[in-house]
There are 2 protein chains.
Amino acid sequence: MRIAVDVMGGDHGCGVVIDGVILALKHNAKVSELYLVGRQDEIQSALTERRFDDSRIRIVHASEVLAMTDKPVEGLRRKKDCSILRGVELLRDHRADALISPGHTGGLVAASTIRLRCLPGVDRPAILAVIPAPKNEFVLVDAGANVECRPIHLLHHAIMGSVYSREILGYKKPRVGILSNGTEDNKGNALTLEAFKLCKAVDLEFVGNVEGHDLFNNRVEVVVCDGFVGNIVLKTVESFAKGLLSWLKSELTSNPKRKLGAFLARGALLEIKKRVDPDAYGGAPLLGLNGNVMKAHASARDRAIMNAIRLASEAVQHQINQTIIEAVARANERLSAAKLIPHHSE
Amino acid sequence: MRIAVDVMGGDHGCGVVIDGVILALKHNAKVSELYLVGRQDEIQSALTERRFDDSRIRIVHASEVLAMTDKPVEGLRRKKDCSILRGVELLRDHRADALISPGHTGGLVAASTIRLRCLPGVDRPAILAVIPAPKNEFVLVDAGANVECRPIHLLHHAIMGSVYSREILGYKKPRVGILSNGTEDNKGNALTLEAFKLCKAVDLEFVGNVEGHDLFNNRVEVVVCDGFVGNIVLKTVESFAKGLLSWLKSELTSNPKRKLGAFLARGALLEIKKRVDPDAYGGAPLLGLNGNVMKAHASARDRAIMNAIRLASEAVQHQINQTIIEAVARANERLSAAKLIPHHSE
């Protein structure tokens with residue numbers, strides 16, 4: 001397995017990302033080559049500083065970095081030698097099997113779409129976020145790649161989410177729901193009501209509409225929405241969890257009696273913290289592309305990077321892109337037969 | 001102050017709602033008349049059972065109840081003698097100053113819109129939800145009345161939310177943000193990008209776009225969105241809070257040591273539970289109507305009903321509808337002058 005890591009563009013500099021790579025190389029024997037993409041001198045000095053030497057490491061120089069303040073497409077046009085583009089090109093040229101980048105989300109989506117193109121039958125990539133719930137974990141697709149979607153895109157989110165949930169997270173028959181403002185079939189906006197018909201017509205474990213109350217209630221493993229809604233939901237949940245836990249911490253340390261109580265009960269708190277820890281996932285895959293691309297958190301530290309590398313290599317191993325191509329083709333066939341989409345001559 | 005309460009349509013029957021009314025009558029001296037709207041025999045026997053007799057109580061008989069399974073408009077057409085319609089008519093006929101109903105949300109919105117009409121300059125009512133955050137509380141408008149909105153509707157949500165936050169929650173200059181997929185000015189979908197221009201052109205404490213991460217971060221007091229997104233966010237947050245607290249509870253009681261710790265630290269947990277308690281608000285006002293309508297939670301128990309009555313009477317006292325009319329008129333004037341909306345001749 002050949003992995004490329006864009007070591008630039010994270011919040012904490014390239015050293016932290018390289019720490020993650022070192023952890024991954026120690027724990028993941030399947031990695032045969034590891035490309036570090038970014039400024040050669042910075043990478044070299046980080047490696048020297050860590051006294052790390054591994055024959056699997058290759059440095060691919062990229063002189064520029066797409067900054068968080070850059071506009072995606074315009075930035076990519078201006079910074080042709082940026083690490084994101086160089087990383088994506090390793091995938092395109094079949095020199096790497098997967099790419100992990102903690103950089104600019106919009107830039108990564110744009111670069112991947114332009115250089116790799118989408119899978120046959122898929123129009124646009126989607127970001128998949130894995131969210132832990134008390135009794136299961138669900139994937140939210142799209143978590144922010146496509147702000148304006150058409151109904152067929154939501155169907156593809158449903159299919160890609162199902163494949164990921166089954167192949168990577170191990171749910172045999174992942175239940176799929178469209179995120180809406182109520183569970184009744186007639187609830188929704190113009191987009192979701194149309195997507196509902198498409199999801200119902202194909203081979204999915206489709207439970208219909210789900211609402212906010214269902215997310216953490218073990219009702220579905222795949223939550224389908226457009227990237228506008230998905231991004232809002234993902235960030236709301238992240239911020240709420242963080243806010244509630246830090247609030248709990250401040251209340252628990254406000255007097256000695258509570259401190260003692262918190263000390264005795266710390267096992268419970270650690271258990272929860274571990275479950276909701278974003279580093280356990282480390283990143284969010286971009287699905288629907290001719291290549292395996294994983295967006296790591298911009299704030300990812302070593303353990304998060306290691307986990308992102310692990311998840312990316314699992315996606316490669318399970319050949320999820322091939323499975324997605326087949327599932328989308330089957331769905332399109334069904335929809336054409338049911339006259340729900342125009343017939344594809346190809 | 002004359003209050004009407006639709007005692008039917010809640011999850012727990014009319015007795016619980018009447019318990020809330022009794023609490024309100026004990027604690028709210030400003031209530032001069034209280035209409036109980038619903039099946040006369042049921043109301044009478046609930047009052048007798050509670051041995052409650054108060055000269056302020058008036059029973060208004062309504063023989064039908066709009067069920068949760070009824071479609072709003074169709075249901076209202078079929079059930080002309082339902083409690084929601086009878087309650088709204090008390091407002092329309094100026095026999096009551098405010099109506100509280102734990103019944104069918106869509107039905108309440110439809111009945112109010114049809115019978116009361118919107119305030120001058122406002123096209124549609126919006127539901128406002130108050131959400132507690134660690135360092136402030138924010139209002140989410142619209143929380144589910146309008147699934148499909150136009151940009152001007154979002155502007156009205158911003159104005160109505162600001163008025164409510166100022167007059168009822170006491171924020172002198174409530175900060176307003178449009179809920180989007182990023183904080184940059186160019187982030188958003190077609191709807192929010194247009195609404196951004198409108199909000200920027202009028203007299204609001206407008207901070208621009210906010211994302212999910214900002215909600216619990218003391219960045220705004222008014223979060224503007226369409227009813228589809230608002231409903232999803234509200235329910236997601238409610239369900240997540242509930243899930244996390246019950247998870248915490250089960251972890252904290254899983255062994256004797258943790259139980260002891262939880263006992264010592266219970267003050268901290270109660271503090272948080274109190275702050276996130278939905279009963280403290282009891283309901284969500286419908287804004288933009290010729291009349292004060294408050295949607296109570298369907299599952300509202302006595303304390304929630306009492307609080308809903310208290311908030312509804314505060315809205316009456318502060319004449320927030322008059323303030324909304326004036327603010328909307330000023331905004332429309334500004335927008336016409338800036339040629340952002342067509343000139344109103346009226």
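The numbers here are math on the coordinates, done by the rules we state, and not lab data. Keep in mind that this is a model prediction, so the values were computed, not measured. In this analysis, Cβ positions are derived from the backbone assuming ideal geometry, glycine residues included, and neighbour counts consider all displayed protein chains.
Could you pull out the pairs from A:LYS135/B:LYS235; A:LYS79/B:LYS187; B:LYS187/B:LYS273; A:LYS273/B:LYS242; A:LYS295/B:LYS249; A:LYS135/B:LYS257 whose alpha carbons sit more than 27 Å apart here?
B:LYS187/B:LYS273; A:LYS295/B:LYS249
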(message) Under 5 Å between amide hydrogens, which residues at least 5 positions from A:LEU99 or on another chain qualify, with H placed 1.01 Å from N in the peptide plane?
(response) A:ALA4, A:ASN292, A:VAL293, A:MET294
(message) If the only charges are +1 at each Lys and Arg Cβ and -1 at each Asp and Glu Cβ, what is the size of the charge dipole of the range A:59-195 around the Cα centre, to the nearest 20 debye?
(response) 220 debye
(request) For A:CYS82, enumerate residues with amide H under 5 Å from its amide H, sequence gap 5+ or separate chain, H modeled in the peptide plane. (result) A:GLU64
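If you take the beta carbon distance between B:LYS197 and A:GLN317 as r and set R0 to 41 Å, what does 1/(1 + (r/R0)^6) give as a FRET efficiency, to the nearest 0.05?
Values: r = 49 Å, r/R0 = 1.18.
Working from the Cβ atoms, E equals 0.25.
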(request) Using a Gaussian network model of chain A whose springs link C-alpha atoms within less than 10 Å, name the residue from A:GLY283, A:GLY87, A:GLY170 with the highest mean-square fluctuation. (result) A:GLY170
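Return the calculated 222 nm mean residue ellipticity for chain A, to the nearest 500 deg cm²/dmol, obtained by summing -39500 (n - 2.57) across DSSP H runs with n ≥ 4 and dividing by the residue count. Walk me through the intermediate numbers first.
Numbers: 12 runs with 163 residues, N = 346.
Calculated at 222 nm, the ellipticity per residue is -15000 deg cm²/dmol.
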(request) Return the sequence-ordered ³J(HN,Hα) values of the range B:140-146 in whole Hz as given by the Karplus equation 6.51 cos²θ - 1.76 cosθ + 1.60 applied to θ = phi - 60°, using x for Gly and Pro. (result) 10, 10, 9, 8, x, 7, 10
(request) List the residues of the range A:109-141 whose backbone N lies under 12 Å from a point placed 7 Å from the Cα of A:ARG275 along the Cα-to-Cβ direction. (result) A:132-137
(request) Determine which chain A residue has its Cβ at minimum distance from the rotation axis mapping A onto B, giving the value in whole Å. (result) A:GLY261, 2
(request) Using packing as a proxy for protection, rank B:331-337, B:230-236 so that the peptide with the highest average count of other Cβ atoms within 10 Å comes first. (result) B:230-236, B:331-337
(request) Starting from the eigenvalues of the Cα gyration tensor, five times each then square-rooted, give me the equivalent ellipsoid semi-axes of chain B, largest first, whole Å. (result) 33, 29, 17
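Got the relative contact order for the range B:1-146 handy, in percent, Cα pairs under 8 Å and 6 or more residues apart?
Numbers: 244 pairs, mean separation 35.6, N = 146.
Over the range B:1-146, the number comes to 24 percent.
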(request) Enumerate the amide H contacts of A:VAL210 below 5 Å, restricted to partners 5 or more residues apart or on another chain; note that Pro and chain-start residues carry no placed amide H. (result) A:ILE178, A:LEU179, A:SER180
(message) Springs between alpha-carbon pairs under 10 angstrom, Gaussian network model over chain B: which of B:HIS318, B:HIS156, B:HIS61 fluctuates most?
(response) B:HIS318
(request) Starting at the first residue of the range A:328-340, write each ³J(HN,Hα) from the Karplus equation 6.51 cos²θ - 1.76 cosθ + 1.60 with θ = phi - 60°, in whole Hz, x for Gly and Pro. (result) 5, 4, 4, 5, 4, 4, 4, 5, 5, 4, 7, 6, 8
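More than 21 angstrom separation, counting every C-alpha pair in the range B:204-346; what % is that?
Everything past 21 Å amounts to 64 percent.
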(request) For the protein assembly as shown, build the charge dipole from Cβ charges (+1 Lys, Arg; -1 Asp, Glu) around the Cα centre, then report which of B:VAL147, B:LEU36, A:THR113 sits farthest towards its positive end. (result) B:LEU36
(request) Compute log10 of I(q)/I(0) for the range A:88-244 with the Debye formula, placing one identical point scatterer on every Cα and leaving out solvent, at q = 0.08, 0.11, 0.16, 0.20 Å⁻¹, to two decimals. (result) -0.23, -0.43, -0.90, -1.32
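What is the sum of charges, Lys and Arg at +1 and Asp and Glu at -1, for the other residues whose Cβ falls under 10 Å from the Cβ of A:ASN136?
On the way: positive: A:LYS135, A:ARG175, A:ARG219; negative: A:GLU137, A:GLU221.
So the environment of A:ASN136 carries a net charge of +1.
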(message) Could you identify which residue out of A:ALA298, A:ALA195, A:ALA329 has the top mean-square fluctuation in a GNM of chain A using Cα springs shorter than 10 Å?
(response) A:ALA329
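What percent does the relative contact order of chain B come to when contacts are Cα pairs within less than 8 Å and at least six residues apart? It would help to have the intermediate numbers written out before the result.
On the way: 683 pairs, mean separation 76.7, N = 346.
About 22 percent, as a whole number.
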(request) Kindly give the distances from A:GLY267 to its copy-mates, label point to label point, with each label point 7 Å from Cα along Cα→Cβ, as nm values to one decimal ordered shortest first. (result) 2.6
(message) Through the Karplus equation 6.51 cos²θ - 1.76 cosθ + 1.60, θ set to phi - 60°, convert the phi angles of the range A:87-92 into ³J(HN,Hα) values in whole Hz; use x for Gly and Pro.
(response) x, 4, 5, 5, 5, 4
